[in-house]
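Below: the structure, in structure tokens.
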Amino acid sequence: MADSASTVPPAAAGVHARGAGTDDGPSAAPGGPWGQRAMTALFLGPAAVMLVVWLVYPTLKTFVRSFYGRDGSDWVGLENYRALFTTDTLQTAIQNNAIWVGVVPALVTSIGLIFAVLTERVRWGVAFKIAVFMPMAISLFAAGVIWHIMYTQDPGQGAVNAAINVVDDTFSSAGVLTSAQGSTPELAGTPERGLVLKSSVRPGETALLGLTGIPPAQVPEGARQAQAPTPRPGAITGTTWRDFKPGGGRPGVVEPQELGLEGVTVQLRDASGRAVRTIKSGEGGAFSFEGVKAGSYRPAVGPETFQKPFAGVSWLGPKLITPAVMIAYIWVWAGFAMVVIAAGLAAISREVLEAARTDGATEWQVFRRVTAPMLAPVLSVVFITMLINVLKVFDIVLSVAPGSSQDDANVIALAMWRTSFGGVNDFGLGSAIAVFLFLLVIPVLALNVRRFKRET
Amino acid sequence: MATVLRVVRRAPLNLFLLVVAAMWLVPTFGLFLTSLIPKGEIAREGWWNVVAKPSSMTFDNYRALFDNNDLTKALVTTAEIAVGNTLLLVFIAALAGYAFAWLEFPGRDGLFVVVIGLLVVPLQVALIPIFSLYNSTSLFDTVLGLILFHVAFGLPFGIFLLRNFFIGIPKDIMESARIDGASELTIFFKLILPLGLPAIASLAIFQFLWTWNDLIVALTYGRDTQPITVAIFSQLRQFGSNIELIAPASFVSLAIPLAVFLAFQRYFVQGLLAGSVK
């Protein structure tokens, strides 16, 4: 892959050879000028017919059509264009596309540049390039399916959320009970700050921390019958238990068939509310703080107990869907940017770089002052190519975004298709959207033409 | 000693690039593993768990895929469209590319500027008029209709690429052929096509991948004529229940262009560079 760089710029090669090719005109073809014309028509005819019928004529037709209504019989003037900028989903599409234009070409170009520069420094650069470039061969649609699966919300199935979960778990772990509440007004508070016993407790006394609102699935496995605590001198003993049994039971009293909750974080808070001791309840939900100094304390169920497990980021939900599609898109196109920029890098003369280094320039200076400026034309080509691609983005949105969030992920090309063929079937508005899209690429079109004219 | 030092210094860079390479390979690999999970377990299992117990992998999903008439038909349709339009495009573009490179005719440069202008025209501007055209002729919902659309939209790039390559063919060769009395057609078939093979190969691979991977054109002009992308798309509308079909179908649909790409990547990259360094 790397060596292909030297064989390429045919554009440049073409321009160079062109002088030689056209200087003294063609030699006379057999059959005179008419034979020559017929020959030209033969070579050019098929392409000309196809371009006129499938590109030029439809473009003009679409332009005209955009001034007519849904079924094409009534002239509506600029009504479709007004609708284009006032309809909700279309506004979303334009805004989203603006975000795409602002974010993606710059990111793809920078990532491509970073990869291209870094791969030059490792021995397995070619293998790396193939890996990153591979998604280019895959359809944007299939790439979207791949990422749709990657983005599944359940961390047990979606790889992206599973990866986040691994990182998340190293910092905090889920609590044993996520929805429990105090069983009596005596035990009150919030899951975020913990549930605190209202009356204070002294060493030698006991504390009952009854909890309800625990679904059977959350009762720790192998939970045993709760026992009322026995007071001991110098210690604060207590029980945390599921203060509920079939039929109800009396709140605040440990009764038969009520299960002790093991693994609950229990805190002993002093008068100022600071947790002085923290332990976890043991078998049958029993806990005891031994050797407590004299004074009054308030036992509490610590907030750790209520920590919700990581439920997964909703990548495919309405809020994150556009960034999610962008990530998938960048994954596809980074390889393109990398390969083109790497070819540009390879074309920069080693001697110039060496000369700069001999003069004592640091690697960063070499990059800033020599490599980057010489690479500027290539970077701008990549950037502009991506700009056009991003304006036309379509398939990947359809396959990453589930139907429910397609309105939130909408982009211009998708809006054009959905308006024209996706059930609404408004060819007037659809044409207006297409014309709008066309107008957006006109600057690039002009740029291409100017560059060509300069070369000849 | 020096090499040890070098290896240590390079370790962070290598590690970083390894992680990046993994990020680029893992998603596709994940799709492949998903396609190997038995139908009943697919909704319960993360695909990475399958690695730990290879015995649970199965190709049953692929068997079901190839037993599914809609999907096998879609694969055949995809191949017909991709191969057919590529051959036609290469031929028409080569003819025109030769005319722009070596024939003298009035307005040649002006016309070529038009071709360059057409390079960036989004196909959305043609969707609606061509829809009406196809409906009033018998091209709607046919392989031929899809092929012609793809050829037309592949032409600006194809003509551009081939003209730039043909123009670089040494003038001496052309001159001596003409002096020997060879006709333009002889020159085209005996000289230009063989000498232009690298560029033609680039164009062919490009167009093949582009049309194999197309969704929007087939979605617009096909009903029963469905290539694989459209077939998967209609399955995707009921996503979740039938991932055991979507995963292997997606993998098959990307395995073929991937194989083409890996086999001919040199030409692919050449075409890419020629197309973008314009």
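Bear in mind these aren't lab numbers, they're just calculated from the coordinates by the rules spelled out. Here the structure is a predicted model, which is why all the values come from computation and not from measurement. FYI the Cβ positions are ideal-geometry reconstructions off the backbone, even for glycines, and counts take in every protein chain you see.
What the table below lists for this structure:
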read-out	value
Shape call, chain B: gyration tensor on alpha carbons, a/c limit 1.5	oblate
Point-to-point label distance, residue A:424-residue A:63, nm (Cα→Cβ direction, 7 Å offset)	2.4 nm
Ratio of Rg to Rh over the range B:149-278 (Cα coordinates, Kirkwood Rh, two decimals)	1.14
Rough spin-label spacing in nm, given labels placed 7 Å along Cα→Cβ, for residue B:237 and residue A:42	4.9 nm
Charged-residue dipole, Cβ positions (Lys, Arg, Asp, Glu), the range A:28-153 about Cα centre, Debye nearest 20	420 debye
Rel. contact order, % - alpha carbon contacts under 8 angstrom, at least six apart, chain A	24 percent
Given charges at beta-carbon only (K, R positive; D, E negative), |dipole| of the protein assembly as shown in Debye	1380 debye
Label point distance in nm, residue B:263-residue A:442, each placed 7 Å from Cα along Cα→Cβ	4.5 nm
Helix runs (DSSP H) in chain A reaching 24 Å along axis by Cα, Kyte-Doolittle at least 1.0	A:88-119, A:321-347, A:372-391, A:427-455
Cβ-based exposure ranking for A:364, A:331, in which fewest neighbours within 10 Å come first	A:364, A:331
Zone residues, the range A:113-131, relative to residue B:29, backbone N less than 17 Å from point 7 Å out along Cα-to-Cβ	A:127-131
Reachable lysines, given that their alpha-carbon falls under 20 Å from the alpha-carbon of residue A:453 and they are not under 8 places away in the same chain	B:278
Relative contact order, percent, chain B [alpha-carbon distance under 8 Å, six or more residues apart]	29 percent
With Cα atoms, 0 to 90° folded angle of helix B:2-36 axis to chain B main axis	80 degrees
Computed helical MRE - 222 nm, the protein assembly as shown, DSSP H runs ≥ 4 contributing -39500 (n - 2.57), nearest 500	-19000 deg cm²/dmol
0 to 90° range, to nearest 10: angle between helix B:143-166 axis and chain B longest Cα axis	60 degrees
Value of relative contact order over the range A:181-306, rounded to a whole percent, pairs C-alpha under 8 Å and six or more apart	30 percent
Positive-end residue, chain B charge dipole about Cα centroid, Cβ charges, pick of B:220, B:204, B:272	B:272
Residue exposure sequence - A:362, A:239, A:92 - by fewest surrounding Cβ within 10 Å	A:362, A:92, A:239
Charge context of residue B:188, other residues only, Cβ under 14 angstrom, K/R +1, D/E -1	+2
Packing-based exposure ordering (other Cβ within 10 Å, fewest first) of A:79, B:104	B:104, A:79
